[in-house]
Amino acid sequence: MRTAPAKLETFRDDFTYTNSKEAIERFPFPFPEDEYAYSVNIEPHTLPGPAGSVNEFLFDIDEHYLSEMAERDLVLKENPKRCLAMPHMEPACWDFIDRAMTTMSADYPDYFKLEKNGDQWHWQNLLLKLDDTFTFGDSSTLPCPPMEYMGRQVQGDIALLDQRDGDLFLDAGIVTCPADWSLAFDAGMSFKEWHGPVPMAHEMGVFDRALKYLTAIPVDRPVRRLNWTLTVNARMDTSPETYPMWGAENRSVTPENVGEKVYLRVELQVLDRMARSNALMFSIRTYLISMDDLVTNKDWARRMHRVMKNLPEPLIDYKGLTHYHQILVDWLAKYDPVN
Ligand code: HEM
């Protein structure tokens, strides 16, 4: 079932973020097997997906919409460089506006409305109480640059990738809830350059095969994959820029608080070819679930234990789990009958 946008929650300080029962039920649990290894886990994102699921629409709007948009505003106020677009990405930014407004107004008619009269567009976001008329393609008619304007209205981070010379380049984006990477640092990098720090996957040929797949994606044939990590506290913004605010929290996990402090952080990543610019839109929709909520599903609890127990050392290190990985494995063991 789809959950309607709810009251404001926080992803910092007092961390009031919680998931409803329905949000837990639709959580995209990412492990199909008891062992996890990197792979080219890309599949067609056929739309509409199952009703109410996170895969139903191109942009998933759920009960955390208002809270995530408020959190994005805080991050952008602290550091406007969390949103950028190189000048040659202007057409791609307008493609993003077109794709987002067209699909969101069709998929959520109670929340978003779009009227087009030639290049005069009228957009209403009833959730954020926005009512704007602008000339499509003319940035001077928007209240802020197009990447930021639309990025402030969709849940999850967005990267727009320019495609040239058979490669992808990270030339625009809005990234306020990353799993420990920086848009400002990666800007302008190629596919293998920005994936440089990832262990094991390069040697396995994962990125060679993924890049071939991605550069061949046609218009209207989006694909998706899930990525995951763990986060201490329900903190959306785990970026290198704010590391001093959250790095030490990794040492705060104890056998007593692991259930409430450790969150599984899942990214639903969708890749969608932009029609005019030929850029790829890469959306990273982040879902957080506490271990206490996760173990309410017995199958997930058992599998989580096995995946964590079998996780290769280089991944424990890369994902930043070193300080609390063993505490978590020990805590999860009680949910695994084979243990
Ligand atoms: C084209 C759009 C994509 C973008 C913009 C992107 C971006 C990133 C970034 C910034 C990181 C973090 C690297 C770091 O530690 O600094 C990352 C990690 C990773 N990416 Fe991608 N990626 C993309 C597509 C893919 C695809 C299609 C795959 C499929 C195999 C993939 C596999 C991975 C893996 C396995 C990691 C490590 C994640 C972890 O263990 O937590 N990426 N990606």
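Rule-based calculations on the coordinates, nothing more; no lab input. Since the model is a prediction, treat every value here as computed from it, not as a measurement. Positions of Cβ are generated from backbone atoms using ideal geometry, with glycine treated the same way; all protein chains shown enter the neighbour counts.
For residues that are assigned to a loop (DSSP other than H, G, I, E, B), more than 10 Å from the ligand (Cβ to nearest atom) and free of Cβ contacts under 8 Å to residues at least 24 places away in the same chain, tally how many sit in region 163-200. Please lay out each step first, then the result.
First pass over region 163-200, keeping only residues assigned to a loop (DSSP other than H, G, I, E, B): 165-166, 175-178, 180-182, 187-189, 195-200.
After this cut, where a residue has to be more than 10 Å from the ligand (Cβ to nearest atom) as well, the list is 165-166, 176-177, 187-188.
From what is left, the residues that are free of Cβ contacts under 8 Å to residues at least 24 places away in the same chain are 165.
Counting residues in region 163-200 that are assigned to a loop (DSSP other than H, G, I, E, B), more than 10 Å from the ligand (Cβ to nearest atom) and free of Cβ contacts under 8 Å to residues at least 24 places away in the same chain gives 1.
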| query | How many residues does region 272-293 contain that are in contact (Cβ under 8 Å) with a residue 60 or more places away in the chain, closer than 19 Å to M150 by Cβ and either more than 10 Å from the chain's Cα centre (by Cα) or not in a strand (DSSP E or B) (or both)? | reply | 9
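Give region 25-71 a look and list any residue that's β-branched (V, I, T) and within 16 Å of the ligand (Cβ to nearest atom), or say none. Before you say what the answer is, go through the steps one by one.
As a first pass, look at region 25-71 and keep what is β-branched (V, I, T): 40, 42, 46, 54, 61.
Hits for region 25-71 are V40, I42.
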| message | From the list I284, I316, exactly one residue is of a type in the set (A, V, I, L, M), within 12 Å of the ligand (Cβ to nearest atom) and closer than 30 Å to E56 by Cα. Which is it? | response | I284
| remark: Per the filter on region 1-39, residues within 28 Å of I316 (Cβ to Cβ) and acidic (D, E) are E33, D34, E35
| query | Within region 201-232, can you find the residues that are near the ligand (Cβ under 10 Å from one of its atoms), farther than 25 Å from A275 by Cα and either assigned to a strand (DSSP E or B) or within 16 Å of the chain's Cα centre (by Cα) (or both)? | reply | N227, W228, T229, L230
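Of the residues V307, V329, which is assigned to a helix (DSSP H, G or I) and under 25 Å from the mean Cα position of the chain (by Cα)? Spell out how you get there, then give the answer.
On the way: V329 fails: under 25 Å from the mean Cα position of the chain (by Cα).
Being assigned to a helix (DSSP H, G or I) and under 25 Å from the mean Cα position of the chain (by Cα) holds for just one of V307, V329, which is V307.
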